[in-house]
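Novice: To start, I am sharing the structure in question, which I have written as structure tokens.
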Amino acid sequence: MTSDNNSNLTRRRYLEASGAAGAVIAMAGCMGGGGDGDSTDDGEESSGSGEQELEIVHWWTAGGEADALEALIDGFEEEYPDVTVNNNAAPGGAGSALDTEIQSRVLNNDPPSTFQIWPGKALDTYTESEVLEDIGDSVWDEEMRDAYLDGVKQLSQPAGDFVAVPLNIHRLNNLFYNASVLEDAGVDPAAIDSPSALLDAMETIDSETDATPMAHQTQAPWSTIQLWESVLIGVGGVDVYQDVLAGNVSDNEDAVRESLQLVADYSEYFNDDAGSVAWDEANNGVIQGEAAFLHQGDWAAGQYQAADGFEYDSDWSYVPFPGTDGVYHVVTDSFVMPTSNPSPEATEKWLSYCGSVDGQERFNPVKGSIPPRTDVPNDEFGPFLTTQREDFDNSDAQPPSIAHGTGVTPEVKSNVEGVFSSFNGSWNVDSAYNGLTNAF
Ligand code: GAL
């Protein structure tokens, strides 16, 4: 990292971004460090040779996500038998529990070897505080640079240096469905051509079947934020969405209000226990034939794959979220190397492996995502993901997500979460709209 001649300021900003300083200090040491290297105060490491323990902090415990990480770790251990993996999960969809834990550990010079984070703007807090290693030479060699999609490569270097290794690309604007439920209701998903037509389809499902029209979770705000993101693109198009992302909410008042109103109308058709379940528990309703639709990133397809006897095409399928054809709304995950790293050599090996063909070929088909390397063969990707790959290649736009941190700074994301925590349940469009005008 570069030298820091303003460290108190960046440290203070970091504390502010992570919430109350007291809370951060109180959490220090909650999660054990797993390192065997010698830390020094300035964050530089002297690493021992021989065996190292690699502590990986992530939130992949739901649906097929744990299987995907396991597949990645298995491949890594085959290639690097000298490294022992400490698989340390901080469960909670969309990282809802990970951030505070990681920030307190990084601040207290007790970081894990690596942790999961969205590349792009989500990295801002860390790059501003200069707590991520520049891995431009050690990990991002020529071979990797040549193989990656340019856009993803850019997300890995938000402040100039390469600091992250993305390993997947998820699509957010999917509408998954249980095929039998839609058939029983006489609803043709291919004919749903707008967010308001989806509302009509849900009304039909409600009157024609006993199923819940839309499986959803409102326990944490992220699923409703991402639903609103898709509806906003469906209502206003990508330009409006990007303009909102850039902070121009009131310039797009009609589209923002209309999209919020549609989400409020959809909420009439959510499962009754939406406020107390996690996203994958809600999705179980689709798998069991108790719910019709699910709006989620295609990590939901990873869960379908992991379910017994629930087959793509015959039992479940999907359409791009109504009104967003041609858009590939991107969510991507990466791993980083914090400074004061307890296992620098093992961490570099892990990051290189995440950036390899083998790693991405093992991980993505199970996760329900496509690889950011352009040279990963198609063979392991089933029919659903093969279609997603084609859709990605043919897409007109690949905007980043708000709920999944790549498109907005952590501060904006946290403001938007505040707005949607209240919106979840109140469904008050006026106050959500006013909240959003201040959030960006
Ligand atoms: C996203 C993440 C995905 C998936 C999802 C649900 O933020 O990028 O990989 O884990 O949350 O937790």
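Novice: Condition first: surrounded by fewer than 24 Cβ atoms within 10 Å (Cβ to Cβ) and closer than 16 Å to residue 227 by Cβ. Can you find one or more residues in region 397-405 that meet it?
Specialist: Yes, region 397-405 contains at least one residue that is surrounded by fewer than 24 Cβ atoms within 10 Å (Cβ to Cβ) and closer than 16 Å to residue 227 by Cβ.
Novice: Still on this structure: For region 311-347, which positions are polar (S, T, N, Q) and surrounded by fewer than 23 Cβ atoms within 10 Å (Cβ to Cβ)?
Specialist: 314, 317, 339
Novice: Condition first: in contact with a Phe, Trp or Tyr (Cβ under 6 Å, 6 or more places away or on another chain), surrounded by 23 or more Cβ atoms within 10 Å (Cβ to Cβ) and outside the structural domain of residue 278 (by TED's automatic domain parsing). Can you find one or more residues in region 72-87 that meet it?
Specialist: The answer is yes, given that some residue of region 72-87 is in contact with a Phe, Trp or Tyr (Cβ under 6 Å, 6 or more places away or on another chain), surrounded by 23 or more Cβ atoms within 10 Å (Cβ to Cβ) and outside the structural domain of residue 278 (by TED's automatic domain parsing).
Novice: For the structure I just gave you, tell me whether residue 374 is surrounded by fewer than 14 Cβ atoms within 10 Å (Cβ to Cβ), among the β-branched types (Val, Ile, Thr) and closer than 29 Å to residue 74 by Cβ.
Specialist: Details: surrounded by fewer than 14 Cβ atoms within 10 Å (Cβ to Cβ): yes; among the β-branched types (Val, Ile, Thr): yes; closer than 29 Å to residue 74 by Cβ: yes.
Answer is yes for this residue.
Novice: Please go through region 366-398 and give me each residue that is of a type in the set (Lys, Arg) and in contact with a helix residue (DSSP H, G or I) (Cβ under 6 Å, 6 or more places away or on another chain), ordered by number.
Specialist: Taking region 366-398 as the starting set, the residues that turn out to be of a type in the set (Lys, Arg) are 367, 373, 389.
Result: 367, 373.
Novice: Continuing with this model, one more query. Among the residues of region 385-440, write down those that are of a type in the set (A, V, I, L, M, F, W, C) and part of a helix (DSSP H, G or I). Give the derivation first.
Specialist: Let us first name the residues in region 385-440 that are of a type in the set (A, V, I, L, M, F, W, C), namely 385, 392, 397, 402-403, 408, 412, 416, 419-420, 423, 427, 429, 432, 436, 439-440.
Correct list: 385, 392, 412, 416, 419, 420, 423, 429, 432, 436, 439.
Novice: Quick check on my filter: what residues within region 224-242 are buried (at least 17 other Cβ atoms within 10 Å of the Cβ) and either closer than 21 Å to residue 289 by Cβ or over 21 Å from the mean Cα position of the chain (by Cα) (or both)? Spell out how you get there, then give the answer.
Specialist: First, the residues of region 224-242 that are buried (at least 17 other Cβ atoms within 10 Å of the Cβ): 224-236, 238, 240-241.
Once the filter is applied, which keeps residues that are buried (at least 17 other Cβ atoms within 10 Å of the Cβ) and either closer than 21 Å to residue 289 by Cβ or over 21 Å from the mean Cα position of the chain (by Cα) (or both), region 224-242 yields 235, 236, 240.
Novice: Give region 206-256 a look and list any residue that's of a type in the set (S, T, N, Q) and under 20 Å from residue 331 (Cβ atoms), or say none.
Specialist: Listed by number, the residues that qualify are 217, 218, 219, 223, 224, 226, 230, 242.
Novice: Another one. Hey, can you tell me all the residues within region 357-371 that are crowded, with 16+ Cβ neighbours inside 10 Å and either among the hydrophobic types (A, V, I, L, M, F, W, C) or on the phi < 0 side of the Ramachandran plot (or both)?
Specialist: Of the residues in region 357-371, the ones crowded, with 16+ Cβ neighbours inside 10 Å are 359-371.
Within region 357-371, 359, 360, 361, 362, 363, 364, 365, 366, 367, 369, 370, 371 qualify.
Novice: Quick check: is even one residue across region 59-70 within 16 Å of the ligand (Cβ to nearest atom), touching a strand residue (DSSP E or B) at 6+ places or on another chain (Cβ under 6 Å) and in a helix (DSSP H, G or I)? So that I can check it myself, show each step before the final result.
Specialist: Narrowing region 59-70 to residues within 16 Å of the ligand (Cβ to nearest atom): 59-70.
From what's left, touching a strand residue (DSSP E or B) at 6+ places or on another chain (Cβ under 6 Å): 61.
From the residues that got through so far, the ones that are in a helix (DSSP H, G or I) too are none.
There is no residue in region 59-70 that is within 16 Å of the ligand (Cβ to nearest atom), touching a strand residue (DSSP E or B) at 6+ places or on another chain (Cβ under 6 Å) and in a helix (DSSP H, G or I).
Novice: Quick one: would you say residue 417 is more than 16 Å from the ligand (Cβ to nearest atom) and among the charged types (D, E, K, R)? Let's see the steps before the verdict.
Specialist: Details: more than 16 Å from the ligand (Cβ to nearest atom): no; among the charged types (D, E, K, R): yes.
Considered against the rule, which asks whether it is more than 16 Å from the ligand (Cβ to nearest atom) and among the charged types (D, E, K, R), residue 417 comes out as no.
Novice: While we're looking at this one, here's another question. Give the number of residues within region 114-143 that are touching a Gly at 6+ places or on another chain (Cβ under 7 Å) and away from the ligand (no atom under 16 Å from the Cβ).
Specialist: Summing the residues that are touching a Gly at 6+ places or on another chain (Cβ under 7 Å) and away from the ligand (no atom under 16 Å from the Cβ) in region 114-143 gives 1.
Novice: Against the condition of a type in the set (D, E, K, R) and near the ligand (Cβ under 10 Å from one of its atoms), how does residue 79 come out, does it pass? Before the answer, list the steps.
Specialist: Details: of a type in the set (D, E, K, R): yes; near the ligand (Cβ under 10 Å from one of its atoms): no.
Criteria not met by residue 79.
The values are calculated or read from the model by the stated rules, or taken from the named source; none is laboratory data. A quick note: this is a predicted structure, and the numbers were derived from the prediction, not measured. No Cβ is skipped: glycine too gets one built from the backbone with ideal geometry, and neighbour counts run over all protein chains shown.
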